[in-house]
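The values are calculated or read from the model by the stated rules, or taken from the named source; none is laboratory data. Just so you know, these numbers come straight off a predicted model, no measurement behind them. With ideal geometry, Cβ positions are generated from the backbone for all residues, glycine too; neighbour counts draw on all protein chains shown. Ligands, DNA and RNA are excluded from the accessible area calculation, which covers all protein heavy atoms including side chains. Shrake-Rupley method; radii C 1.70, N 1.55, O 1.52, S 1.80 Å.
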Amino acid sequence: MTTGPYGERRAPSKRFLPPDPRVREPHRLTPQLALRVAVLGAVALAAFAVLFLRLWSLQVLSGDEYLNASQNNELRLIRVEAPRGPILDRRGRVVVSNAAGTAVELWVGDLPREGRYRIIRKLAAVLDVSPRALAKQVEELRFDPLTPIVVKTAVKDEQVDYLYEHQAEFPGVEIVQIYLRGYPYSSLAAQVLGYTGEISPEELKELRKEGYQAGDRIGKTGIEAAYDSYLRGQTGLAQITVDSLGRPQSERVLRKESRPGYAIRLTLDIRLQRAAERALKYGIDLARRNDNWAANAGAIVALDPRDGGVLAMASAPTFKPSVFVGRIDPDKVSALYSDPLNPLFNRATAGLYPPGSIWKPVTAIAGMQEHVFSANESIRCTPMAEYGLDRQRFRNWNPNVNRPMILREALAESCDTYFYEIGNRFYEGGSESRARMQQWAEKFGFGKPTGLDIGGEADGLVPTPEWRRKTFESDLDRAWNPGDSIQLSIGQKDLLVTPLQMAAFYAMLANGGRIVTPHLVSNVEQPGGKGSPRVVLRRFAPTPPKSAGVDPAALAAVRDGLYAATHATSGTSSAVFASYPVPISGKTGTAEKVVSLPGSPRARLEDQSWWCGWGPSDDARIVVCALIENGGHGSAAAAPAALKVFESFFGVESSVPAPVVETD
């Protein structure tokens with residue numbers, strides 16, 4: 001009997017090999033091996049636990065969600081576009097409408113991975129669109145399968161028929177009904193009405209919380225943008241069954257009806273708007289015939305002086321908003337943006353110009369309110385005047401006059417040297433006095449937006465000694481000199497205004513001293529029942545006019561001078577308005593401005609032609625302010641253009657053609 005390596009008793013046997021001393025404990029589980037097995041077991045157990053929990057989560061917690069997702073592989077929800085509300089003029093004429101159209105959409109998620117660009121090229125050829133642009137859109141939306149691409153709007157019947165007949169060749173392509181904006185009056189009031197376009201990613205970030213989604217069409221400018229929340233309506237939902245390639249397998253089932261947008265009624269009169277735009281073209285043509293070859297643009301604003309309602313707002317050149325309807329033609333849009341005259345720019349609200357002599361009523365009222373002079377004080381009108389220590393010369397536009405005048409005569413004949421004297425008196429009054437005229441100007445609404453409800457206004461600039469100190473660096477430029485007050489008195493040098501600001505100021509003169517807030521929208525409306533008128537949902541009451549705080553005697557003196565300007569023999573626009581049956585009051589202006597002209601190697605001085613006024617003189621119903629860019633003298637271009645607007649408004653034509661008389 002022998003003892004084994006583990007101490008066990010063994011019987012001797014010759015059939016087995018003798019024990020090997022190098023192999024002790026051949027079947028024992030060592031500690032190292034035990035640890036490895038434990039770790040492996042724990043990992044396996046954890047993996048099975050995670051898998052179990054995930055399966056439980058998918059089936060129990062998220063079962064409904066994934067059930068819906070699987071159903072959406074067969075059922076697709078489609079947003080039903082709501083027709084935008086129409087835009088009406090003050091008399092209910094439709095100036096922006098809707099037209100039903102057919103569009104082709106492409107769902108990127110339904111395109112096969114293999115051969116998708118062959119499908120894109122073929123679809124682009126059928127619809128006559130750029131394959132490169134379409135491929136770029138597909139690439140941009142490759143991770144967004146729920147947003148379709150609008151490939152083309154206003155699709156022709158033969159194109160629709162072809163796509164239906166070859167449906168199997170165009171997976172992901174869907175034909176839908178949409179509403180396109182229509183413009184019965186073409187380009188009339190284009191800058192005011194604005195246009196619509198697909199919402200941009202930047203706009204979507206701001207508007208998503210208000211219910212906007214990718215692919216929505218929203219107002220981009222003008223009325224369309226400012227009142228988009230009323231015009232856009234509410235989107236509906238429809239359901240359709242599709243196969244694995246996105247091909248429709250059923251008719252659409254409406255789940256939620258869309259609600260059309262509300263109508264917006266404007267204060268504009270579209271017929272007067274047409275007259276204003278024609279008057280602008282007429283004024284530009286007159287200027288060119290008078291050798292002002294650079295005349296190429298302008299603006300006309302017509303206001304109701306009683307409440308500030310905008311009756312017409314024209315800006316030239318203009319554009320056709322239909323360019324932005326449907327799928328945009330890049331060439332046409334690029335031509336608009338690259339045009340040096342910028343037809344998209346609303347010169348009536350954002351164009352900045354020195355006002356020239358139409359500013360003189362501001363100087364006159366400020367001077368009388370601050371007791372710098374009186375209306376009946378005699379101030380000599382001379383061909384030239386000298387001011388300052390260096391005796392700088394300031395010339396009168398008319399070198400042939402040399403006599404004393406009172407305010408009535410000075411406004412009628414637009415005597416520069418008369419107003420130079422008033423400006424110099426403001427300067428000589430000391431540091432506080434040098435800002436008093438500007439304070440009155442700001443009170444009248446200059447240097448800030450008028451408050452027009454569609455926005456887009458420029459502030460303008462009313463220069464002050466403080467502004468000059470903050471704006472310039474050298475001591476020479478920062479100094480407020482006599483010439484600054486003198487030039488300001490006739491609306492020149494650094495002063496900048498918009499045509500709308502000038503129209504609002506002349507409305508204050510016309511209505512007896514009350515400042516109005518210009519506005520374009522009067523009502524939000526919805527259609528009535530059969531045969532019944534529209535129902536007003538919201539009325540935008542005009543902002544109540546507020547007193548300008550002007551002495552009635554000072555206001556009367558200025559009004560008297562502006563009536564003389566259109567009726568006195570020596571009045572600067574009497575040749576245009578004296579014979580008109582309706583009494584008109586107003587003022588011409590010729591303002592020098594440094595401009596850069598296409599083809600000109602350097603900037604040059606050009607005269608901006610102005611006329612602002614109202615009628616009837618004693619019971620104002622309309623204020624008109626006309627500007628012809630680079631148009632020369634105010635009496636020769638802007639005044640005749642303004643007359644055309646009065647003729648349309650009053651329905652009375654002038655019996656005598658306006659002669660060309662070049663006055664300030």
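A few points about this structure:
- PRO171 falls short on exactly one of the conditions (1) open to solvent by less than 50 Å² (accessible area, probe 1.4 Å); (2) within 22 Å of ALA100 (Cβ to Cβ); (3) modelled with pLDDT under 90, and that condition is (2).
- Of the criteria (1) among the aliphatic types (A, V, I, L, M); (2) at pLDDT below 95; (3) within 30 Å of ARG604 (Cα to Cα); (4) not in a loop (DSSP other than H, G, I, E, B), which one LEU254 fails: (3)
- For ASP144: the one exception among (1) surrounded by 14 or more Cβ atoms within 10 Å (Cβ to Cβ); (2) at pLDDT below 85: (1)
- The residues on offer are ASP607, ASP618, and the sole one that is within 19 Å of ALA564 (Cα to Cα) and open to solvent by 40 Å² or more (accessible area, probe 1.4 Å) is ASP618.
- Residue under evaluation LEU488, criteria (1) out of contact with any strand residue (DSSP E or B) (no Cβ under 9 Å at 6 or more places or on another chain); (2) surrounded by fewer than 23 Cβ atoms within 10 Å (Cβ to Cβ), criterion not met: (2)
- Criterion: more than 16 Å from GLN487 (Cα to Cα) and open to solvent by 40 Å² or more (accessible area, probe 1.4 Å) - qualifying residue of ILE454, ILE406, ILE379: ILE406
- Unmet criterion (only one of (1) within 19 Å of the chain's Cα centre (by Cα); (2) part of a helix (DSSP H, G or I)) for LEU188: (2)
- Filtered residues of region 353-374 (kept if over 14 Å from ASN424 (Cα atoms), in contact with a Lys or Arg (Cβ under 9 Å, 6 or more places away or on another chain) and open to solvent by 20 Å² or more (accessible area, probe 1.4 Å)): GLN369
Residue by residue, here is whether (1) in contact with a Cys (Cβ under 7 Å, 6 or more places away or on another chain); (2) more than 30 Å from ALA294 (Cβ to Cβ) holds:
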residue: PRO533; (1), (2): no, yes
residue: ALA557; (1), (2): no, yes
residue: PRO581; (1), (2): no, yes
residue: LYS587; (1), (2): yes, no
residue: VAL595; (1), (2): no, no
residue: GLU606; (1), (2): no, no
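- Qualifying residue in region 141-150 (condition: within 31 Å of the chain's Cα centre (by Cα) and among the acidic types (Asp, Glu)): yes
- Selection within region 106-142 - out of contact with any helix residue (DSSP H, G or I) (no Cβ under 9 Å at 6 or more places or on another chain) and more than 20 Å from PRO330 (Cβ to Cβ): TRP107, GLY109, ASP110, ARG113, GLU114, GLY115, ARG118
Here's the yes/no breakdown for (1) touching a residue at least 12 places away in the same chain (Cβ under 8 Å); (2) over 35 Å from the mean Cα position of the chain (by Cα); (3) open to solvent by less than 70 Å² (accessible area, probe 1.4 Å):
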{"position": "PHE540", "(1), (2), (3)": "yes, no, yes"}
{"position": "LYS546", "(1), (2), (3)": "yes, no, no"}
{"position": "SER596", "(1), (2), (3)": "no, no, no"}
{"position": "GLY599", "(1), (2), (3)": "no, no, no"}
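- Enumeration of residues in region 248-300 that are among the aromatic types (Phe, Trp, Tyr) and either within 30 Å of PHE540 (Cα to Cα) or in contact (Cβ under 8 Å) with a residue 12 or more places away in the chain (or both): TYR262, TYR282
- Filter pass, ALA636 being part of a loop (DSSP other than H, G, I, E, B) and either in contact (Cβ under 8 Å) with a residue 24 or more places away in the chain or surrounded by fewer than 24 Cβ atoms within 10 Å (Cβ to Cβ) (or both): yes
- Answer residue from region 293-324, given it is modelled with pLDDT under 95 and polar (S, T, N, Q) and is least open to solvent (accessible area, probe 1.4 Å) among those: ASN296
- Selected residue (only one of PRO601, PRO552, PRO583 is out of contact with any helix residue (DSSP H, G or I) (no Cβ under 9 Å at 6 or more places or on another chain) and modelled with pLDDT of 95 or more): PRO552
- Residue match in region 80-103 (condition: in contact (Cβ under 8 Å) with a residue 12 or more places away in the chain, open to solvent by less than 60 Å² (accessible area, probe 1.4 Å), over 30 Å from LEU311 (Cα atoms) and in contact with a helix residue (DSSP H, G or I) (Cβ under 8 Å, 6 or more places away or on another chain)): yes
- Helices (runs of 4 or more DSSP H) completely within region 312-395 that count 3 or more residues being of a type in the set (Gly, Ala, Ser) and in contact (Cβ under 8 Å) with a residue 24 or more places away in the chain: 360-369
- Which listed residue, of ALA568, ALA575, ALA557, is of a type outside the set (Lys, Arg) and in contact with a Pro (Cβ under 8 Å, 6 or more places away or on another chain): ALA575
- Taken as a whole, region 433-443 holds no residue that is part of a loop (DSSP other than H, G, I, E, B) and either basic (Lys, Arg) or touching a Ser or Thr at 6+ places or on another chain (Cβ under 9 Å) (or both).
- Any helices (runs of 4 or more DSSP H) falling wholly within region 457-523 and containing at least 3 residues that are under 28 Å from PRO552 (Cα atoms): 482-489, 499-510
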